[in-house]
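Chemist: Just passing along the structure, written as structure tokens.
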Amino acid sequence: MPLGELVKLVRPPAKPIDGISREVRLRTATGSELDLPEDYKQFSAIYGSGAFKVNQIPLLCIQNPFAPDFSKWASSQLDALRDSKDSSGEEGVPYAIFPDEAGLFPLGRDDQATRLWWRTVGEANSWPIIVQWFLGPDSFRELRMPLTELLVRLFRGEIDLPPWPEPWSRYEVVFVPFARNAKGGEG
């Protein structure tokens, strides 16, 4: 089970921020609901809101669907991707954008503007993950694996992608929860 392997590689926080396991369904523009992959919801319940870091440098943040600001964040990412597609066309963003059929839906980001997206095609538990590091047809890679398998393989140095040329396996990866300010937002 990739989640169990991930927990062995990177210890989750004792008290995850927003690590509430509750049903998360997002309402689309057409009024239908979007379910999210179980693997992602289980990861978020255990790790909560935070970032994977090496030497206290934040490297990768998987957004938490249980966080109070998740919908706002997702909307802003979708708007930015639409703007990019409007300005660069199909060559710049060769995928549909959610809520369109098989559209990209935001998952996370790294510290160098690499983005992770779900491609919402078929059943949620089989959605591929799209890694995007720039605009253009050669700047997207589709990975057909659950989120936790991607993280385990990434941290073990088993995935070779242009935005992450140096194996993370050389370093100790830790997960650091986000702090919350008095208003409940990230601070």
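Each reported figure results from applying straightforward, stated rules to the coordinates on display, with no laboratory input. From a predicted model like this one, the values you see are computed outputs, not experimental measurements. All Cβ positions, glycine included, derive from the backbone under ideal geometry; neighbour counts span all protein chains shown.
Chemist: With a sphere of radius 10 Å drawn around the Cβ of E5, what net charge do the other residues whose Cβ falls strictly inside it have (Lys, Arg +1; Asp, Glu -1)? It would help to have the intermediate numbers written out before the result.
Modeler: Numbers: positive: K8, R153, R156; negative: E149.
Once positives and negatives cancel, what remains is +2.
Chemist: In region 95-174, which trypsin sites (Lys or Arg not before Pro) are in a loop and have at most 11 other Cβ atoms within 10 Å, using DSSP for the loop call? Intermediate values should be presented prior to the final figure.
Modeler: Values: sites: R109, R115, R119, R141, R144, R153, R156, R170; in loops: R144, R156.
Here the sparse-neighbourhood loop sites are R144.
Chemist: Given (i) 63, 16, 14; (ii) 34, 17, 16; (iii) 24, 21, 16 as candidate values of semi-axes √(5λ) of the Cα gyration tensor in Å, which corresponds to the one derived from the coordinates?
Modeler: It is the one labelled (iii).
Chemist: Starting from the Cα of K53, draw a straight line to each of the lysines and keep only those under 22 Å, dropping any in the same chain fewer than 8 residues away.
Modeler: K8, K15, K41
Chemist: Please report, in debye to the nearest 20, how large the charge dipole of the chain is about its Cα centre when each Lys and Arg carries +1 at its beta carbon and each Asp and Glu carries -1 there. Spell out each step's value before the answer.
Modeler: Working: 21 positive and 26 negative charges, 153 e Å.
It works out to roughly 740 debye.
Chemist: With each run of n ≥ 4 DSSP H residues scored as -39500 (n - 2.57), what mean residue ellipticity at 222 nm is computed for the chain after dividing by its residue count and rounding to the nearest 500 deg cm²/dmol? Don't skip to the end; give the middle numbers.
Modeler: Working: 4 runs with 50 residues, N = 187.
When only DSSP H runs of four or more count, the value is -8500 deg cm²/dmol.
Chemist: Between N55, L81, I97, whose Cα lies farthest towards the positive end of the dipole of the chain when Lys and Arg beta carbons carry +1 and Asp and Glu beta carbons carry -1, centred on the Cα centre?
Modeler: N55
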